[in-house]
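Here the structure is laid out as structure tokens; the discussion comes afterwards.
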Amino acid sequence: MNPDRVNNIIDSYGADRAVCLAVLHDIQREYNYLPREALNLVAERLGISPGEIYRMATFYRSFTLRPKGDFCIRVCMGTACHVHGAARILDTFERELGIRAGDSTQDGLFSLEATACMGACAQAPYVEINSEPYAQMTTDQVSGVLEHCSCAVPGTA
């Protein structure tokens with residue numbers, strides 16, 4: 001974590017505690033998660049207790065305290081997707097990546113999440129990778145999707 005970068009984010013909002021959530025969103029956008037050191041710096045700079053900052057960071061589902069991979073795979077587990085085999089697709093991703101939902105690969109390339117309904121019921125089963133939709137996903141497509149992502153990163157193909 002670069003304290004200068006975090007300070008720049010805080011300064012861009014005028015170091016005002018009223019914009020704490022916006023600051024946290026920008027920090028997460030910068031680092032792909034909320035580093036503990038950044039949370040402590042935000043608390044200090046905005047005059048908010050570290051406990052209150054931590055409560056905000058854990059209350060809102062959009063925040064994460066764990067590093068995410070370059071490719072964040074979200075498998076919808078809503079009713080329509082579940083009925084159309086989302087659990088099997090999630091299992092296939094877990095097997096292919098060697099991680100469980102909620103974890104990231106050791107190389108930092110992939111994160112895997114099982115999510116609540118994503119509102120794409122007509123496209124079930126539905127998967128998003130970094131906001132790119134994969135409608136009517138099948139277990140047979142998982143390897144190809146992961147290969148496509150890996151090929152997009154220099155030095156991993």
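One residue alone among Gln136, Gln106, Gln141, Gln123 is closer than 30 Å to Arg5 by Cα and among the polar types (S, T, N, Q), and that residue is Gln106.
Checking the stated criteria, Leu34 turns out not to satisfy the condition of being in contact with a helix residue (DSSP H, G or I) (Cβ under 6 Å, 6 or more places away or on another chain) and either among the polar types (S, T, N, Q) or more than 27 Å from Met118 (Cβ to Cβ) (or both). The helices (runs of 4 or more DSSP H) falling completely within the range 2-56 that include 1 or more residues that are polar (S, T, N, Q), over 28 Å from Leu109 (Cα atoms) and not assigned by TED's automatic domain parsing to the domain that holds Ser131 map to 3-12. The residue that is nearest to the chain's Cα centre (by Cα), counting only those in the range 12-29 that are at pLDDT below 90 and among the charged types (D, E, K, R), is Arg29.
For the range 62-93, what are the residues that are surrounded by fewer than 17 Cβ atoms within 10 Å (Cβ to Cβ) and acidic (Asp, Glu)? Within the range 62-93, Asp91 is the sole residue that qualifies.
Residue-wise test of (1) surrounded by fewer than 15 Cβ atoms within 10 Å (Cβ to Cβ); (2) basic (Lys, Arg); (3) within 22 Å of Gly102 (Cα to Cα); (4) in contact (Cβ under 8 Å) with a residue 40 or more places away in the chain.
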residue	(1), (2), (3), (4)
Tyr13	no, no, no, no
Asp16	yes, no, no, no
His25	no, no, yes, no
Ala43	no, no, no, no
Arg55	yes, yes, yes, no
Phe59	yes, no, yes, no
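For the range 95-108, name all the residues that are crowded, with 17+ Cβ neighbours inside 10 Å and over 12 Å from the mean Cα position of the chain (by Cα). Once the filter is applied, which keeps residues that are crowded, with 17+ Cβ neighbours inside 10 Å and over 12 Å from the mean Cα position of the chain (by Cα), the range 95-108 yields Leu97, Ile99. Has the range 57-65 got at least one residue that is over 23 Å from Phe110 (Cα atoms) and either of a type in the set (A, V, I, L, M, F, W, C) or within 22 Å of the chain's Cα centre (by Cα) (or both)? Yes, the range 57-65 contains at least one residue that is over 23 Å from Phe110 (Cα atoms) and either of a type in the set (A, V, I, L, M, F, W, C) or within 22 Å of the chain's Cα centre (by Cα) (or both).
The values are calculated or read from the model by the stated rules, or taken from the named source; none is laboratory data. Please read these numbers as outputs of a predicted model, since none were measured by experiment. Glycine also receives a Cβ, built like all others from the backbone with ideal geometry; neighbour counts cover every protein chain displayed.
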